[in-house]
Amino acid sequence: MSEAPAIGIDPGTSYCCVAVYQNQEVEVIPNSVGQNTTPSYVAFNSQQEILVGSTAKDKAHINPQDTIYDVKRMCGRHFDEEKIQR
């Protein structure tokens, strides 16, 4: 049996979470701002920056064309489907 820790990643539809299991305990790893979950949002802005998590979600109304969310719901779909293109 390995003594190495196990890492669990939950790529949720709305939020993502990462945890480590070691020494028979599960510890959620907080993101860079100390939250246990991160909104599943990615955005690209005009300054060529990539925004993720809360920052991307908070600015989604300003930049809807370059904000990606709900990607997990698109898995298995064809890119040219009308619903995906909307």
Requested in this report: May I ask you to list pairs of residues, at least six apart or on different chains, whose Cβ atoms are under 7 Å apart, with the first in region 14-30 being free of Cβ contacts under 8 Å to residues at least 24 places away in the same chain and the second being among the β-branched types (V, I, T) and assigned to a loop (DSSP other than H, G, I, E, B)?
Outcome: C17/T37; V18/I29; A19/I29; V20/I29
Requested in this report: Six or more apart or on different chains, Cβ under 9 Å: which pairs go from a residue in region 65-84 that's within 20 Å of G12 (Cα to Cα) and among the hydrophobic types (A, V, I, L, M, F, W, C) to one that's open to solvent by 70 Å² or more (accessible area, probe 1.4 Å) and not in a strand (DSSP E or B)? Could you list them?
Outcome: M74/K83; I84/M74; I84/R77; I84/H78
Report task. Go through (1) under 30 Å from S2 (Cβ atoms); (2) open to solvent by 100 Å² or more (accessible area, probe 1.4 Å) one by one and return the number of the condition P30 breaks. Result -> (2)
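The values are calculated or read from the model by the stated rules, or taken from the named source; none is laboratory data. Since this is a predicted model, take the numbers as computed values, not measurements. Reconstructed Cβ throughout: ideal geometry from the backbone, glycine too, with neighbour counts over all protein chains shown. What goes into the accessible areas is simple: the full protein's heavy atoms, side chains included, and nothing from ligands, DNA or RNA. Shrake-Rupley method; radii C 1.70, N 1.55, O 1.52, S 1.80 Å.
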